[in-house]
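Participant: Questions regarding the structure given below will be posed in turn.
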Amino acid sequence: MIFGTFHAVFPMGDPSRVGEARRHAAQLADDCNLSEVDAGRLAIVVTELATNLVRHALRGRLWLSSRPGRGEVEVIAVDEGPGILDIERSLGDGFSTGGTPGTGLGAVRRLAQHFDLHSKVAEGTVVVARVRSSAATEAEGAASVGAVSLNAPGESVCGDGWGFVLDGERTAVMVADGLGHGPDAAEAAAVALEAFSEEPMASPRQLLERTHQALRRTRGAAVMVLHADAAAGTIRSAGAGNVMARLISGVSDRTLLCQHGTAGLAVRTPEEITTPWPPHAMLVVCSDGIETRWKGDTLAPLLGRDPALAATVLARDYCRGRDDATVAVLRRKD
């Protein structure tokens, strides 16, 4: 099971924010029980990425999140320009555009267990790095997954929640969006994910019904549950409210909608839909904090990459900016 907390956002407008981000990362390292050596690696990754944003980026932000169940901290560097002209050269030691030793991105790639980067000139760069406990192991499954969750402006918690369960060829996904935002919305999302975790491989219809019952003691939530089966090449889904999913490939773009209603308040008899899952298609699930009318070709360069890159690009470019926003992404492993 992979359940993530929301991403704390640190705008990198001046050098003082670097230390702030590093201190937050140290707290996340404690939450994940990272060893002193692993926490040290994380501190360097955060410092290097944050410093690069301060020196070179337009509207640079550092997003930090932890996954205590996996002993892992995720660090995402996001900006809106100017982009990297020569990515391979920028990853080599000794390369610098700002008079520094040039060890930034190269050091991050060496120190993190996972590293991926996407950049487009004039549009910006996204870097995803994960530092994991040396004792932790990589999740097994036929799919690769990633997600980004951002809290509404002015809130200290996020009213959205997401979760993945990997079981061989099958992957279960839930995205829950508690009504409104703030602590009560966060409680509703947590209750939905708890119901999901009890029997995640039950059918989406059954899971939605159980989640609806569990949410009756909360303010309610929009919920979508999906089961992706790589062997069968299908995705089964059921949901209620303003959570949307899309299957994106180089040649197709298909939307999977939820029925009307709010889990915990009023839901019609759940309908389960089965959709073909093309071999190279990426499944994207978004809460309504993300605009719906983004173009499928936005993700074309990212179809074979870390799903967190696609989630971050969508959150960067299409976040409405007035509500909690979540993007969860799943693709088959190569």
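Participant: Compare the peptides 157-170, 16-29 by average per-residue count of other Cβ atoms within 10 angstrom and give them in order, highest first.
Facilitator: Values: 157-170: 22.6, 16-29: 17.6.
Packing order, densest peptide first, comes out as 157-170, 16-29.
Participant: Which angle between 0 and 90 degrees, to the nearest 10, do you get for helix 307-318 versus the longest principal axis of the chain when only C-alpha atoms count?
Facilitator: Once rounded, the angle reads 90 degrees.
Participant: Shifting gears a bit: Give me the percent relative contact order of the chain, please, defined on Cα pairs under 8 angstrom at least 6 residues apart.
Facilitator: 15 percent
Participant: Cα axis of helix 183-198 to longest principal axis of the chain: angle in degrees, 0 to 90, nearest 10?
Facilitator: The angle comes out near 70 degrees.
Participant: If you don't mind, there's one more thing I want to ask. Suppose every Lys and Arg Cβ carries +1 and every Asp and Glu Cβ carries -1, with no other charges. What dipole size does region 2-132 come out with about its Cα centre, to the nearest 20 debye? Working shown, then result.
Facilitator: Values: 15 positive and 16 negative charges, 9 e Å.
Charge dipole of region 2-132: 40 debye, to the nearest 20.
Participant: Here's another thing I want to ask about it. For Arg219 and Thr51 in the same chain, what is the full-extension length gain: residue separation times 0.36 nm, less their Cα-Cα distance, in nm?
Facilitator: The span from Arg219 to Thr51 would gain 56.3 nm if fully extended.
Participant: Placing unit charges on C-beta atoms (Lys and Arg positive, Asp and Glu negative, everything else neutral), compute the dipole magnitude of the chain about its Cα centre in debye, rounded to 20.
Facilitator: 360 debye
Participant: Let me ask something else about it. With +1 on each Lys and Arg Cβ and -1 on each Asp and Glu Cβ, how big is the dipole of region 216-312 about its Cα centre, in debye rounded to the nearest 20?
Facilitator: That gives region 216-312 a dipole magnitude of about 320 debye.
Participant: Also: Would you mind counting up the charge near Val148? Only other residues with Cβ under 11 Å from its Cβ, with Lys and Arg at +1 and Asp and Glu at -1.
Facilitator: So the environment of Val148 carries a net charge of -1.
Participant: Run the quick spin-label model on Asp30 and Ala300: label points 7 Å from Cα toward the beta carbon, then report their separation in nm to one decimal.
Facilitator: Calculated label separation equals 4.8 nm.
Participant: Another question, if that's okay. Roughly speaking, what is the stretch gain from Asp86 to Ala142, that is 0.36 nm per residue apart minus the C-alpha to C-alpha distance, in nm to one decimal?
Facilitator: Taking Asp86 through Ala142 to full extension adds about 16.9 nm, to one decimal.
Participant: Another one. Expressed in nm², what is the orientationally averaged projection area of the convex hull enclosing the Cα positions of the chain?
Facilitator: One quarter of the hull surface, i.e. the mean projection, equals 15.7 nm².
Participant: Please give the calculated 222 nm ellipticity per residue for the chain, where each DSSP H segment of at least 4 residues contributes -39500 (n - 2.57) and the sum is spread over every residue; nearest 500 deg cm²/dmol?
Facilitator: -8500 deg cm²/dmol
Participant: If R0 is 25 Å, what FRET efficiency do you get for Glu272 and Glu198 from their C-beta distance, rounded to 0.05?
Facilitator: Given R0 = 25 Å and the Cβ-Cβ separation, E is 0.85.
Participant: Let me ask you something else. So if each residue of separation counts as 0.36 nm, and I subtract the Cα-Cα distance between Arg320 and Asp184, what length gain in nm does that give? Before the final figure, lay out the partial values.
Facilitator: On the way: separation 136, 0.36 × 136 = 48.96 nm, distance 2.07 nm.
46.9 nm is the gain from fully extending Arg320 to Asp184.
Participant: Among the trypsin sites (Lys or Arg not before Pro) in region 280-325, which ones are in a DSSP loop with at most 14 other Cβ atoms within 10 Å of the Cβ? Mind listing them?
Facilitator: Numbers: sites: Arg293, Lys295, Arg305, Arg316, Arg320, Arg322; in loops: Arg293, Lys295, Arg305, Arg320, Arg322.
Passing sites in region 280-325 are Arg293, Lys295, Arg320, Arg322.
Participant: Would you calculate the separation in nanometres between label points at Arg293 and Ala135, each defined as 7 Å from the Cα along the Cα-to-beta-carbon direction?
Facilitator: Going by the 7 Å Cα→Cβ label model, 5.2 nm.
FYI, it's all coordinate maths here, none of it is from the lab. No experiment lies behind these values; they were computed from the predicted model shown. Neighbour counts run over all protein chains shown; Cβ positions are idealised from the backbone, glycine included.
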